[in-house]
Every structure is written in C-alpha cells, then in structure tokens.
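Structure, as structure tokens:
The values are calculated or read from the model by the stated rules, or taken from the named source; none is laboratory data. Worth saying up front: this structure is predicted, and the values here are computed from it rather than measured. Quick reminder, even Gly has a Cβ in these numbers, built from the backbone with ideal geometry, and neighbours come from all protein chains shown. Each accessible area value is taken on the protein alone, full model and side chains, heavy atoms only, with ligands, DNA and RNA left out. Shrake-Rupley method; radii C 1.70, N 1.55, O 1.52, S 1.80 Å.
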Amino acid sequence: MTVGLAVLALVNLGPISLVVRQALSPASESVRWPLEAVPRSLSWQNVQELWETHDVATRVTLSAWVGLASMLCCFVVGVPAGWSLGRWRAAKAAGTGGALLVRMIPPIAIALPLTSTLIPAGLYNHPWGFGLILAHVLTGTPIALLVSFAAFRDVPPELEEAAHVDGCSPLRAFAMIAVPAARGPLAGAAVILFLTSWDEFLYALMIQLTNRTMPPLLYYYTEYGQLGAASAMALVMILPAIAVIGFLQRFVVRSSYAGGVL
Amino acid sequence: MHKFRMSGIRVRVQRMLLGVLVTLCGGATGSCNGPGSDHGNVTIAVALLPSEGAAYARILGEFSDSTGIGVELVAQQYQQIREALRAEAAAGFGELDVVEFDVYLLPDVATLVQPLDSLMHTLAGLREAVTADAWNAGVNLDSSRKVLFVPHRLNWQAMIYDAKRLVKPPQTWEDLRLLAQNRPASIGIKGARYEGLVCDFFPFLWQAGGEILDPRSPAALTALKFFSEIRSGIHPGSISFKENTVLQAQEHQEILLHFNWPFALPLLRSRGLLPGSIRSAPLPAGPHGSATVLGGGYLGVPRTAPHPIEAVRLLEFLTSETTQRRLLKELGWFPPRASAWGELDENLRQEAGGFIAMKDQVRARPLVQNYDKISVLWQTALAQVLFEGEDPEGALHNLSLSMDELGPRALTTQTQQSE
Amino acid sequence: MHTRFLRGYRPRYQRTKKMSYAAAAFPAFVILSIQMVLLGSALLAATTDETGRWTLEHVSRVFADPLFTRGVLYNVIIPVTSVALEALVGVGMAFWFMSVRRRKMLWRTIAVVPFALPEIVYLLTMKLLFREHGYLNSLLVGSFGGSEVIHWLEPGSAVLTGTVILIDAWRVTPFVFLLVLAALEQLPESYAEAARVDGASRWLVMKRIQLPLILPVLGVALALRSIDAFRIFAAPLVLAGVEGLPVLSTVAYHYRTDMNDIAGGSVVALLLTAFLMCGTAAVIWSFGRWRRVS
C-alpha cells in the first residue's frame, strides 16, 4: 500500500521536482557528468535572469487574459449548444457526432489556413491576442459542447417545463435553472478549457509573433537559451495551474471524461 | 401569454445586438493599442539569444537617444520572422520595419522587402568595406541588381571540441579519419534534413577543390567518400541533430567535437564551459586547403513597413563602423566591415580563436534561383551516404541526374545571368 | 390562466422551444463549420499546383518519401502500445486505490497534478532524464558503477520507441486512473458487498462485477482517447527529432517548416485527419450499435 502510494507520488511529482531543481540551480550544474540528484549549489540566478531579459509580467497577463477570454467564449458558444442537443432529439446524434469529429482535427492541419484568414481580418499578432482567442475557441468549443451535453443530461427537463408554466421562456429557463443545476461539471470544464488555452503552443507560436504568450516563449528559451531560465518560466506556468486544480479537482475528472478530453 | 412572447423576442434581439457589438469591437480594436504594442516606433525583428537581448537593447537605446526615434525589439527565430513577413505581405500592412534573415533565406524573402538603393545614403561606403561574397548575398537575384539586404553580422562555421578529452584537435582530414577510427560515435554532425546538414559538408567539398553546382567532378566524389569513411565516428544521434541539439550533446559530453556557428560561444560561456572545457578550432584542412561556409544575419526593410524612413536610419546606424565595433566587443558578433575588427582583445581571441583563424577562408553558397532545391538534393545524397549506407558513387549519380532535371537556367549564378 | 391550454397553445410552445434550441446551437454550429472550411482550404492547398490546377503530384511526392512511410509505421505502433499500457496500468491503479482509506483528498490532488503540467515542460524534463548523459544514466552509473550508459534515445533503435511509448503513456496514465476511479466510486457499494458476503475474493469481485459495470461508462472515453493518441506530436519531436522517430504530425510539421513544402505538409496532415475522423466515426457507430443491442 505505502509502496504503491510512494510510486504514485514519485511518478506524478517527479517531473515537477526536476523542474524545480533546474530552476534553482546554476546552469553549470546541469551539464556535469555524472549528474547529481541534489545540486551542489543553489542560486536565484535563473529567476533573476528571467525577470530581466523579458517582460515576463506582460506575457503572463496576456496568457491569463487569453485563457479567460477563450474559456468564456467557449462557454457562451458551447454550453447552450450542449444543452440544446441534450433536449433536441432530432439533432442530438448529428450535433454530438459532429463535435467529436471536429475535435479530432489535428491543429497542424488547419493552422496555416487559419493564419491566412486572420491576417486580412487584422487579428494576426493582435496586442490583445484576439486571433489566438479565436483559435482557442475553435479547439475548445467541441469540448465545452460535449461536457455540457453530458452535464445537462443529468438535469431533468421537467424542471424547465415547470418553469415554463410560470411564464419562463426556454432560454431563460436554461440560464436560470439548467446552468446552476449543472454547475459542478461546468466548473470542471472551465478549468480544463483554461488550462488547455494556458498551455497551448502551436497556435500561439504561429499567430502571436511579437505579443507572445508563455508557451512559445518557453520553447524559444529552451531551443536556444538558458535551460535554467526556461525552468523558472515553467514554474511560473505550473503554479497557477496547480492552485486551480487543487480547488476544483473533483469536478475536473468527471468533466474530462464526459468531454472525452483526457 | 403576451408577456411571455415579448420576453422571448427581447432575448433574441438582445443577443443579436450583443453579437454585432462584439464584432464591431473586435474590428475596431484591431487598431487600438494593447499591453504589448507601441505607436510611432521602429520595430526591428532580430534572431537574438535570450542572453543577448539586454546588450543589444542597450545599443539600440543609444540610437534612440541620439535620433529620438524609439525602437521596439522583437527577438525571433528566422523561420518565424519569415512567416510573419509573409503574413504581413499577404495582408498588405504590418508592424515590422526592419527584419533580419539568415543568408540562405534571402532568395526566399527577396520579394517581400524593398530596394534600399535610393533610401540608404551610406551604401557605397558599406559596399567597399565588406567582401564581395558578403555584399553579393544581399543583392537582388534578377538583373536589376538592386540592394535588398545589407549585412548585419557575419557567421561562419568552425570546429568546437572538448578540450579535456581531446587534447589535440584534428587539424587535417587524416587526423579526423584517425579520430573516427579510434573514437567511434565521437563526432557530431547536424544531420537533420535541413540547411545545416549541407553547411557541415560544403566546407569539405570546397576543401577538396569541388563546387556545389558541379556534382560530377572528382572532387565531389573525394569529399563524399571522405564523409563515408568517417561514418563510424559519427554519433548516431546525428540523424536528427540541429545546431542547438548538437551543441547540447557537446555540452553534456556526449560527443568530442562538432561544427557550429559562433552563436554557440555565449551559450557555452554561460554554462561555464568556455574556454576551460570546450574550445573552438579551425576546421580540419583538406587537399586544397581550408574553407568554411558563410552565414550571417542580413537586414532588410519590408515593403509593408510603416516607418521606412526611420527604418533606413536604423540600418545606417547598425551598419556603421562604430556600432559594428561595439557589437563585436559586447556580443561577439563578427562584423561585415573588415576594418571593424580592430585590435582583438584577449578574451575574444581565447574564446573565438578557431573562428577568427578562419576569417579569410569564408566562402558563400551560390546565389542561384533554385538554391533551396539544390540544397535539398545535396541533403538527400548526404543522408543516404551517412545514415542509409548508400555508396558515394550511387548517391552522386542520382544527385547529378536530379540536378540536370532542374534545368540549366537554375544553375547559372547571377553574374552569369546579367551578362 | 387556463386559456393557455386552449387553442393551439401547445404547438406554439413546441415551436418556441425548437427555435430556442436552434438559436442556442447556432453559434457552435458556426464555429464547427469554420473548422471544416479551413480543412477544405488545406485540402485545396494539398491538391493544387502553382497555377491552380488540380493535381496529385504532391500526394505522389509524399508517398515516395521514405520518411513518410516510416512515419505511418511509427504512427501505428506507438499509439496502440501506449494506449494499451495506459489502460492496463490506469485501471489497475484505480482498483488498487479504492482501498486507500486515509488522506484520500491529498492523494487525489497528487493524482491530478499531471493535468497541471504543460506537455512541453514535461517532455523537456523527460529529455533531461533519459538523455545519454542524463539523470537516469547518472543514477545507473552511480549505483552500478562502470561507464557504459544505456542509449535510451538512440535513433532507429527499439529502445527509443519503447522509451517514447513509456514517456507518453506515463503522462496520460494519471488521467485514465482518475476516470476509472471516478467511475468506480459511482458504483453502489451493494453489488460488491453482496458478492463479498457470498465469499467471492477481491479479484473475482473486480473481474466479474465491477469491471463489467464500469466498462460501458468508460468505454467511449477510452476509445476516444485511443483515437486521440494517433495525434501524437510533441513527444517524438522533442525526444528524438523528426528523423529519429517520425510520426505523421511531425512529418507534416517538418515539410512545412524545414522544407518549405506547404502542399506536402497539407497532404500528410489531411491523411492523418481523415484517419482520425474515420476512427472516431467507427467508435461512435459501434458504440451506438452496442447500445441498441444491449
């Protein structure tokens, strides 16, 4: 039992501890041979370098803004759709099937046509990241749709019918009754959508050239730059995610299974 | 009942208005400022290492102070700059005022930048101060011979080796052959299917007396045979090595030597490896002497640049002798102007000794229309010989046939075309 | 008020309901259609030459490239093995975890941590772990002595394939584990209790009762995950490079970025997309049939 738990802890926390080690030790520690698990010296040099070389605060803000905005837009688009598919028998199969199929499109297939479309629209490399938000909405809507579809199936339609008797339109019933009833799974979906956007790399690399979000910057650092500073940046990326997940973890699991996310 | 119907319609109308509003906002803010953009400044895109950012920004700051023109610096890899430039060209408007490209990408982006002949006043002086090879790389490929790019910094390859485990680096082909026999898997080659692979090979081709456009010559066979002979000494990871991954293999002491550009030096210094454990040396010399391949960053002004006049002033600043001396001193960037070398300081000599020794043996890749296709053909032949065990004669034969198919026009250099 | 139930009120309500559903689904429909349009654009790029005429030269060029054929091979081997591994280990771990009694919340949070780790960070750390002079070999050399290192990431070797499979499976197993665990926890205790009262061992309870009950619920999620696994991109790229261990996504990326061959890249990407979509359709169809039958 304890062995099993220890293995679980090692497997899940191991990569993070390596990142922490890289971030807090000087670069020369990483190229020693043989490498040592515990570095001989610690230093804040990497964190300092990160702070000085790039305006990290702007990048973090942009990443957070893009994540929040794309999550909200995915919700606005996907949740009503999931609800309607749950209630509307005629469109159910086509709708969910379509969402699943579209979810399977690999980003690399549509990244270039998307960029070519964003440019004339003035959304390429936008300072507020609108083009990137659109790209994330494209990837996130199927997930939002599928999760809310599964979530609203558990909400009995009788509640909405009853509300209707009191003079509520179907859409209002949706907003005021169905959504609050399904807030657990929807919260989980919110977490997943935000994290997917926060970590997303391919579109961010192609669409945002000068106004970068964090993942391409991290990639740029590790390709040609300092591994230590890259690890420091990785820590910046991980910490909020862990905090959010810690609070909402019980919703995350059910939502991800419903949305077929994994 | 009446109330119920009205509320339904009202909701729908509200939704529609919201949608329209959002779309309008999206379009309008296309021209608004956000946290990252800046008005009225020159935007320059350069391939900088993260460690070089601060020093380069300081030099640009001097330009801003003396002329009052603000400069926005964007650090990107050349491929991303190219994609961004293509995107801006397709849209007809853009943000970038000055762009830097590697010399082998210049033919690809030539149509996206504007000629500098009438804009830049210091061109004549610059032309005289740099070598013909370096200058010609930036000049238009067709008969108009307009100046499209000016050299910002020059690069060439040298050997980077592990000074602790390899006391005497190989100085001739024979030394390298012996090393390959005695120490298997100790040589790193940038073997991924990209330009870097031929950059490792072309110096050897030139050292054998061959030419890139002439695969049927005996020299080409000599060079390719030599590579085939040192196969046992090449590290198997080479099949996918690029500049950064082969450098990492060197840092982690997985290989004894490899060939790379000067960008490696500040990275090695930051890890504490230069000049103690790792040093640079000239490429091993061949039957026809020594040679190395020219690379470098070239600056151009895009056709869609919003501030072309200020951009040209920045170009004049960056290609001036004082700035090039400073770039050499602070960043270790090799200046295109021969006179900017000046008195070499001891640190530079120690760290970049191998590179500096090859200063006068730098040769450019041919400036032909289809260079990228020719390069791919050579990459295929090399990959076949190095990693698939194909014999050099067969590979060269296929290469010659494919090159013939490209047509004679594709192989004439620009000087021949303009005659 | 009772006039509401007279004279065609019900049909009007149905109409309003249908219109609301349509309005609610419309934006999502637009978003999904945009992606299909973009896919069509990629198809156009893959099948036209410079002059705009329809051609198959890009397709034949791609098919003639040995990198592509190797890519197809690895793109089958790696996902299939990886998913099998994840399923086995994930299910096993979940059943084992059911008997954890103390500090369940803490352990569940630890179990969820891989969700938080961006893939690129995870892969770079794994690269540092598995490279020739990396942490793992340092540990081995330190413990067992000697100077021979294991070449975990040597291109063209079976060890590399195994390592990449392991690393990819390692990242996803916690997710499978959590899903199975959630499904198990939904099961009413009574079934297992009844079986145990009758003297069935834990193993039998698991095999005959719990597994069949959670499988329908999990089946679709796992099947979708296996289709998803064929989209693998970052792991082979970071750990081995395109030439070291090609898979379809990385080959498409390589054509586009290194070879400047956009048409070739589109061909490969579209082939992958077609395969994924067929696979998904097959899963949905067979799941639908199974549901109707049972």
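Taking every protein chain into account, the 1.4 Å probe leaves A:I177 with about 50 Å² of accessible area, to the nearest ten. Taking GluC sites (Glu not before Pro) across the range B:357-408, the ones in a DSSP loop with at most 13 further Cβ atoms lying within 10 angstrom of their Cβ are B:E388. Using a 1.4 Å probe on the protein heavy atoms only, what accessible surface does C:C278 show? Give it in Å² to the nearest 10. Ignoring ligands and nucleic acids, C:C278 comes out at about 90 Å². Axis angle, to the nearest 10 degrees, between helix B:392-405 and the longest C-alpha principal axis of chain B: 40 degrees.
Helical runs assigned H by DSSP (4 residues or longer) give the protein assembly as shown a calculated mean residue ellipticity at 222 nm of -20500 deg cm²/dmol, each run adding -39500 (n - 2.57) before division by the residue total.
Sequentially through the range B:203-211, phi angles give Karplus couplings (6.51, -1.76, 1.60; θ = phi - 60°) of x, 5, 4, 5, 5, 8, x, x, 10 Hz, Gly and Pro residues having no value and appearing as x. For the set A:E52, C:E132, A:E161, solvent exposure ranked by accessible area (probe 1.4 Å, protein chains only) runs largest to smallest as A:E52, A:E161, C:E132.
What the Kirkwood sum gives for the range C:125-240 is a hydrodynamic radius of 17.5 Å, with every pair of different alpha carbons counted.
Using 0.36 nm per residue, how much length does the chain from B:K359 to B:S118 gain when fully extended, once their Cα-Cα distance is taken away? Fully extending the segment from B:K359 to B:S118 adds 83.6 nm. Sparsely packed loop sites in the range A:1-79 (the chymotrypsin sites (Phe, Trp or Tyr not before Pro) outside DSSP H, G, I, E and B with at most 16 other Cβ atoms within 10 Å) comprise A:W44.
Relative to the longest principal Cα axis of chain B, at what angle does helix B:308-318 sit, 0 to 90 degrees, rounded to 10? The answer is roughly 30 degrees. Helix B:173-182 versus the longest principal axis of chain B: what angle, 0 to 90°, nearest 10, using Cα atoms? Relative to chain B, helix B:173-182 is tipped by roughly 90 degrees. C:H254 sits with roughly 0 Å² accessible to a 1.4 Å probe, with DNA, RNA and ligands left out of the calculation.
Distance between the pseudo-spin-label points of C:K104 and A:V165 (7 Å out from Cα toward the beta carbon): 3.8 nm.
Close amide H pairs (under 5 Å, H built 1.01 Å from N) link B:N155 with B:G295, B:G296, B:G297, residues at least 5 positions away or on another chain.
Applying a DSSP loop filter and a limit of 12 other Cβ atoms within 10 Å to the trypsin sites (Lys or Arg not before Pro) in the range C:37-85 leaves C:R53. With the cut-off at 1.5 for a/c, could you classify the range C:64-166 from its C-alpha gyration tensor as rounded, prolate or oblate? It is oblate, given that a/c is not under 1.5 and a/b is not larger than b/c. For the range C:56-293, what class follows from the C-alpha gyration tensor (a ≥ b ≥ c being the square roots of its eigenvalues): rounded when a/c is under 1.5, otherwise prolate if a/b is larger than b/c, else oblate? Since a/c reaches 1.5 but b/c is at least a/b, the shape of the range C:56-293 is classed as oblate.
Can you check what the net charge comes to around A:N125, using other residues whose Cβ is under 10 Å from the Cβ of A:N125 (Lys, Arg +1; Asp, Glu -1)? Value of the local net charge: -1.
What FRET efficiency comes out for C:V197 versus A:I242 if R0 is 35 angstrom and r is the Cβ-Cβ distance? Round to the nearest 0.05. According to the calculation, E is roughly 0.25. At a Förster radius of 56 Å, what calculated FRET efficiency corresponds to the Cβ-Cβ distance of B:T322 and A:L68, to the nearest 0.05? Once rounded, the FRET efficiency stands at 0.75. Given axes a ≥ b ≥ c from the Cα gyration tensor, I'd like to know whether the range A:1-148 is rounded (a/c under 1.5), prolate (a/b larger than b/c) or oblate. Oblate, because a/c is 1.5 or more while a/b does not exceed b/c. Amide H to amide H distances under 5 Å link B:R365 with B:L294, where only residues 5 or more positions off or on other chains count and H is placed in the peptide plane.
Two tests apply to each whole DSSP H helix in chain C, Cα reach of 18 Å or more along its axis and mean Kyte-Doolittle hydropathy of at least -0.5, and the ones passing both are C:9-47, C:66-97, C:104-116, C:158-186, C:211-229, C:262-293.
Legend: helices of chain A (whole DSSP H runs) are marked when their alpha-carbon atoms reach 27 angstrom or more along the helix axis and their mean Kyte-Doolittle hydropathy is at least -0.5; marked are A:2-24, A:56-87, A:130-153, A:227-258.
Summarising the amide proton neighbourhood of B:T43: residues at separation of 5 or more, or on other chains, whose placed amide H is nearer than 5 Å comprise B:E72, B:D97, B:V98. Given a Förster distance of 56 angstrom, what is the FRET efficiency for C:F63 paired with A:A6, based on the Cβ-Cβ distance and rounded to 0.05? So, using R0 = 56 Å, E works out to roughly 0.70. Relative contact order of the range A:62-249, taken over Cα pairs closer than 8 Å and 6 or more residues apart, is 31 percent.
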